[in-house]
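The values are calculated or read from the model by the stated rules, or taken from the named source; none is laboratory data. Quantities reported herein were computed from a predicted structural model and do not represent experimental measurements. Positions of Cβ are generated from backbone atoms using ideal geometry, with glycine treated the same way; all protein chains shown enter the neighbour counts. What goes into the accessible areas is simple: the full protein's heavy atoms, side chains included, and nothing from ligands, DNA or RNA. Shrake-Rupley method; radii C 1.70, N 1.55, O 1.52, S 1.80 Å.
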Amino acid sequence: MRSLGLLVDGPAAWAKPVGSRRPGVFVVELPGGAEKAPLDIVAIRRWVQGVPDMLVDGVLADAPDVARRLELFWLPNEPILYVGRSARAIGERVAAMYATPLGDARPYSGGYWLKTLSVLSRLRVWWAATDAFEEYEDALLSAIAERAAPGAAALLPDPNVLLPFANLAVQGGASKAHGLANTVREQAAPIKAAAPAKRVSKAAPRTAGIGAPQARRKAVSSRPAPEPTYISRDGLARLTTELDDLRTSVRPQVIARVKAARELGDLKENADYEYARKEQSFVEGRIQSIEAMLRTGVVIDAPTSGDTARLGSTVVIETEGEKATFVLVGSAEADPAAGRISDVSPVGRALLGARAGERVTVQLPNGSVIYQVREIR
């Protein structure tokens, strides 16, 4: 995700809230992957019982049939099990996934194969806000296919579509030929009786219409304000510089490449044009992402005292005899590999408000870890 220029947040353990109200992409990861599909036959049996018309290759299925078919689509040792996107709020989309029982279509059945696994407690979710969510979803799926072990596609029942385990189709493109049918039951929405039409009296006074604009203004003003983007002064300078470079240098170059590729001929068979358009989408998405961060940006200064850990603090911790140094930053600057951790990550949330000498417990996907806070500066 970072290699594509995304600002990544997380991880959140499976079934835990994802703290983002922005559109974007997300992935569900099984750390380290697994050689074989860790299926939960009990969950699969309940699924089949709840959807009795389920078919495998046109034949009524039983739980072992379904399990054997799912096993065929497992990518050995691939940690990414699902790539998703949301046009509205990533947190809402992931919460809807959690809330949908296996076999139900609503509130959101995307990635439902995940719920056939016995390792849900080990799964974790990473996410990144972006307005170019379709393009980044496609790029993530392509990257996973490209890094698959040589010959992995040949082992799949459908070697032409190599996708993470729980992704069943490419948006607007090919679908896995998995042979399963009638796997989710549609819940019909209750039919509401139509309300009788109201007649508008021609004699109604002119002032009767004044309430409508007022009501609309009230509705608009009641919308929640956008989430602030907390950022350091150095981070603000880096983003401003990057945005200027994208606008004045990168964007014109990409537009020129799109124009040159378009002039080569048939766009359907024009790989240069397709690549240039994807590059253009990424650039425009990155520009929009930075602009959104700068609109909602709140500059944080490094604390002048080290009594309590807060945004901008450098925190030295120790666990099991090993020391580590973290800088608490907003999600726009998070880079765990460089020791810059987001305030919405599990470690960041646990350290906020901590004092030197305190012990804090961090809930991670693989269990809880106790950190001894050695220094705050």
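Tabulated results
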{"read-out": "Relative contact order [Cα under 8 Å, 6+ residues apart], segment 49-130, whole percent", "value": "19 percent"}
{"read-out": "Formal net charge of residues neighbouring ILE341 (Cβ-Cβ distance under 12 Å; K, R +1; D, E -1)", "value": "-2"}
{"read-out": "Carbon and sulfur %, accessible surface of segment 271-350 computed with the full protein complex present, 1.4 Å", "value": "48 percent"}
{"read-out": "Rounded if a/c under 1.5, otherwise prolate or oblate - segment 1-125, Cα gyration tensor axes", "value": "prolate"}
{"read-out": "Order by protection proxy (mean Cβ within 10 Å, highest first), peptides 256-264, 72-80", "value": "72-80, 256-264"}
{"read-out": "Local net charge near LYS323, Cβ-Cβ under 12 Å (Lys/Arg +1, Asp/Glu -1)", "value": "-3"}
{"read-out": "Segment 282-374, relative contact order [Cα under 8 Å, separation at least 6], %", "value": "22 percent"}
{"read-out": "Tensor-based shape of segment 244-357 (alpha-carbon gyration tensor, a/c under 1.5 rounded, otherwise prolate or oblate)", "value": "prolate"}
{"read-out": "Probe 1.4 Å, accessible area per residue of segment 1-83, Å²", "value": "46 Å²"}
{"read-out": "Entries of LYS115/LYS176; LYS36/LYS323; LYS16/LYS278 with Cα pairs more than 25 Å apart", "value": "LYS36/LYS323; LYS16/LYS278"}
{"read-out": "Segment 321-347 versus segment 128-146: alpha-carbon centroid distance in Å", "value": "24 Å"}
{"read-out": "Modelled FRET efficiency - R0 35 Å, GLU242 with ALA356, Cβ distances, 0.05 increments", "value": "0.50"}
{"read-out": "Positive dipole terminus of segment 57-173, leading residue within GLY111, SER142, VAL161 (C-beta point charges)", "value": "GLY111"}
{"read-out": "Farthest positive-ward along segment 234-350 dipole, Cα basis, beta-carbon charges - from PRO346, ALA334, THR319", "value": "ALA334"}
{"read-out": "Most positive-pole-ward Cα, VAL48, ALA12, PRO38, against dipole of segment 11-55 from beta carbon charges", "value": "ALA12"}
